[in-house]
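Below: the structure, in structure tokens.
The values are calculated or read from the model by the stated rules, or taken from the named source; none is laboratory data. From a predicted model like this one, the values you see are computed outputs, not experimental measurements. Neighbour counts are summed over all protein chains in view; Cβ atoms, including those assigned to glycine, are modelled from backbone coordinates with ideal geometry. Each accessible area value is taken on the protein alone, full model and side chains, heavy atoms only, with ligands, DNA and RNA left out. Shrake-Rupley method; radii C 1.70, N 1.55, O 1.52, S 1.80 Å.
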Amino acid sequence: MAKGFRRLPGFRDFAPEDFAARAHVFEVWRRVSRCYGFAEYDGPPLEPLDLYVEKSGREIVGQLYSFRDKGERDVSLRPEMTPSLARILAERSRSLPKPIRWFSVPQLFRYERQQRGRLREHFQWNVDIVGEEAVAADAEILAVALDGLRELGLTDTDVRARVSDRRLLTALLRALGVGEAQTLDAFTVIDKLEFEDPERSRERLANEVGMSPEGAAELLSLLAGGLGDVSARFPGRADVTEAEARLREYVAMLEAMGLGAYVELDLRIVRGLAYYTGIVFEIFDRRRGLRAICGGGRYDRLFELVGGSPLPAVGFGMGDVVLTELLREHALLPDATRSVDYYVVPVSAEERPRALELAHALRVRGRSVTYSLRQQSVGKQFKMAAAQGARRVIVLGPAELERGMAVLRDMTSGEECDVDLEELVEDDR
Ligand code: HAM
């Protein structure tokens, strides 16, 4: 017996009803991107391995689908889009007017541990503004992400954006005596604070970052609150005051856009990726049952890392997996029942050539049309028409055809009438 094949773990099939959900989400993502003036781009799914090593951060590099190709090149399926964007723009950004507003909907591959909301492939809406350092670009980026979710039917009672700033965190770490060399290690611990026992986090801050027990305790208490009085706690530290003011300005802009109810300051958000340099955010389901729906932030140094000239940049990635689950839970996915405009029923084999001619004439005019691929009884053909969700059935019988006529049945009301075939084809309904 032939061996059966199974789908690889972490990969999906998209049967038509799943594909309809995916198409709906993509359609909204694309529409919202265009409303904000973004242009769509893409790149290859396979990239040089080096593009990700060092640039993406330890977590992603450990999950790469990488191999050596037949030309002895070390390559990887893309685990994220941002390094490709930086590579593409490193070559051509000079000739483009700034800021550059680009978006993409790539399929990405990460060898993840199996868990709810995380697969080994996913589609990710990427929206980035390149060449603008003003905080207004940061606010614009979060607004696109939130409007994408709103257009899909989610509200501020369903989702929230938790925002923070790596510059503020860095300033706080400096004020607490953590040097530059330990900053990324500190971010790695902060990134996991929510999922780890506080005692364990304190230990890690001591062992991996070299903080004193008092320093670690103070950091944890600062991160537990919102923005609170951080600058009051470090008077005289211009870097803290400046970063705090920027974050407040950012939130004020989002409030002005009517999005304030979605936004929460939360300094525990640092993002796992290595390249972020400023304001960062993650969007979650309010009930927190699911992993992050979206993550993004400012990354002002990635372009230099891939060999381009320095360019400030800010953007986000929103995955389709958690989002589609959430939309399904809220019954916000469109009804995927299939339907066609017409089903053509030749009464006997004699009328089949006319049926083919009619179906083609209607299809050329953009209507959707099917018919039975074998000659069957009229009753069976009607059953198939109903099963395929046909809105109308056209019955071609010898007597009617003689006069250039046919019988048209409306499948919803059951009403029937005679129609002139030429008029039916020309009619634009
Ligand atoms: P990320 O946080 O790694 O960021 O991914 C962004 C989103 O993609 C996540 O919030 C999640 O919805 C989805 N996602 C990530 N991995 C998986 C997975 N294994 N299965 C399902 N969904 C997943 C980035 O990738 C950045 N490059 C985003 C960005 C663009 N930053 C600036 N511009």
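Observations on the structure shown:
- The stretch 303-429, Cα convex hull volume normalised per residue, Å³: 221
- Cβ-based net charge around P312, under 12 Å, with every Lys or Arg adding one and every Asp or Glu removing one: -3
- Accessible surface, the chain, averaged per residue in Å² (probe 1.4 Å): 49
- Positive contributions from Lys and Arg (+1) and negative ones from Asp and Glu (-1), summed over other residues with Cβ under 14 Å from the Cβ of R167, come out at -1.
- Separation of the D50 and E350 label points, Cα + 7 Å toward Cβ, nm: 7.6
- Solvent-accessible area, 1.4 Å probe, carbon plus sulfur percent, for the stretch 3-54: 58
- Nearest-ten-degree value, helix 180-191 long axis tilted from longest Cα axis of the chain: 50
- Between the stretch 13-31 and the stretch 275-313, the alpha-carbon center distance in angstrom: 25
- Label positions at D197 and T155, each projected 7 Å from the Cα along the C-beta direction, are separated by 4.2 nm.
- Filtered trypsin sites (Lys or Arg not before Pro), the stretch 95-150: DSSP coil and at most 12 other beta carbons within 10 Å: R113, R116
- Dipole in debye (nearest 20) - the chain, about Cα centre, beta carbon charges: Lys, Arg +1; Asp, Glu -1: 1100
- Fraction of beta bridges assigned by DSSP in the chain that are antiparallel (%, nearest 5): 75
- Kirkwood hydrodynamic radius of the stretch 78-179, Cα pairs, Å: 16.7
- Calculated FRET efficiency for the pair A238/E27, C-beta based, R₀ 51 Å, to 0.05: 0.60
- Rounded FRET efficiency, nearest 0.05, which uses the C-beta distance separating R34 from R365 and R0 of 35 Å: 0.80
- Student exercise, the stretch 1-74 dipole from Lys, Arg, Asp, Glu Cβ charges, in Debye to nearest 20: 260
- Extreme residue, positive dipole direction of the stretch 190-284, given options L227, L273, F284 (C-beta unit charges): L273
- Residue among L142, L77, L358 with the largest mean-square fluctuation in a Gaussian network model of the chain, springs linking Cα atoms under 10 Å: L358
- Rounded to 10°, Cα long-axis angle of helix 135-151 versus longest principal axis of the chain: 40
- For the stretch 209-336, convex hull volume per residue from C-alpha positions, Å³: 184
- Distance between modelled label sites at E357 and S221, nm, 7 Å Cα→Cβ extension: 9.0
- Selected from S164, S76, S413 as most flexible by GNM, with the chain as the system and alpha-carbon contacts under 10 Å: S413
- Taking Cα atoms only, the orientation of helix 238-256 departs from the longest principal axis of the chain by about 30 degrees.
- For the pair A387 and F14 in one chain, pulling the backbone fully straight at 0.36 nm per residue adds 132.2 nm over the alpha carbon distance.
- For the chain, a Kirkwood radius taken over Cα pairs fed into Stokes-Einstein (20 °C, viscosity 1.002 mPa s) yields D = 85 µm²/s.
- Pairwise FRET efficiency - L290 versus S212, Cβ, R0 = 22 Å, nearest 0.05: 0.05
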